[in-house]
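The values are calculated or read from the model by the stated rules, or taken from the named source; none is laboratory data. Keep in mind that what you see is a predicted model, and the values were worked out from it rather than measured. Using ideal geometry, Cβ is built from the backbone for each residue, glycine included, and neighbour counts are taken over all protein chains shown. These accessible areas exclude ligands, DNA and RNA; they are computed on the full protein's heavy atoms, side chains included. Shrake-Rupley method; radii C 1.70, N 1.55, O 1.52, S 1.80 Å.
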Amino acid sequence: MAALFFHKSLVVNNKDNDELELERELTQKLENKVMLLYFGSGECPRCQEFAPILKDFFVKLTDEFYVERASQLVLIYVSLDKTEEKQNKFLKKMPRRWLFLPFQDEFKK
């Protein structure tokens, strides 16, 4: 499944919005991991209910305190938000280890 994102750019949900675009970076981040794809929108009522549950689930499964192999999970947010500002507003509330596709990426379709 990691090969889906080769030749793509993924962004780390951190303050610098670091881009992972080199195949080596993507392979290191995605290969041999359980990959969750979250298609959602900050404005969707069902997504607003589900996002905190997913956030808690992700935080616990990526914390060495709770799980022996915490680094085995990666989540990629695929935004269905109408604007980049709305996407960014939603991502500010989510874990910094989430990855996401750039807003303009046509792969989201």
*Tell me which residues, restricted to the range 60-76, are modelled with pLDDT under 90, of a type outside the set (S, T, N, Q) and open to solvent by less than 80 Å² (accessible area, probe 1.4 Å).*
Leu61, Asp63, Val67, Ala70, Leu73
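Results for (1) within 16 Å of Leu91 (Cα to Cα); (2) of a type outside the set (Asp, Glu); (3) modelled with pLDDT under 90, shown as yes or no for each residue.
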site: Leu26; (1), (2), (3): no, yes, yes
site: Lys29; (1), (2), (3): no, yes, yes
site: Asn32; (1), (2), (3): no, yes, yes
site: Glu43; (1), (2), (3): yes, no, no
site: Gln48; (1), (2), (3): yes, yes, no
site: Leu54; (1), (2), (3): yes, yes, no
site: Phe58; (1), (2), (3): yes, yes, no
*Are any of the residues in the range 31-41 within 23 Å of Lys109 (Cβ to Cβ) and open to solvent by 100 Å² or more (accessible area, probe 1.4 Å)?*
yes
_Give me the residue from the range 7-17 that is farther than 12 Å from Trp98 by Cβ and open to solvent by less than 100 Å² (accessible area, probe 1.4 Å) and, out of that set, modelled with the lowest pLDDT._
Lys8
*Check Lys89, Lys29 and return the single one that is in contact (Cβ under 8 Å) with a residue 40 or more places away in the chain and over 13 Å from the mean Cα position of the chain (by Cα).*
Lys89
*Scan Val59, Val78, Val74, Val67 and give me the residue that is more than 19 Å from Glu21 (Cα to Cα) and touching a helix residue (DSSP H, G or I) at 6+ places or on another chain (Cβ under 7 Å).*
Val67
*Kindly indicate the residue of the range 77-86 that is farther than 27 Å from Asn32 by Cβ and either of a type outside the set (Lys, Arg) or within 14 Å of the chain's Cα centre (by Cα) (or both) and also least open to solvent (accessible area, probe 1.4 Å) among those meeting that condition.*
Asp81
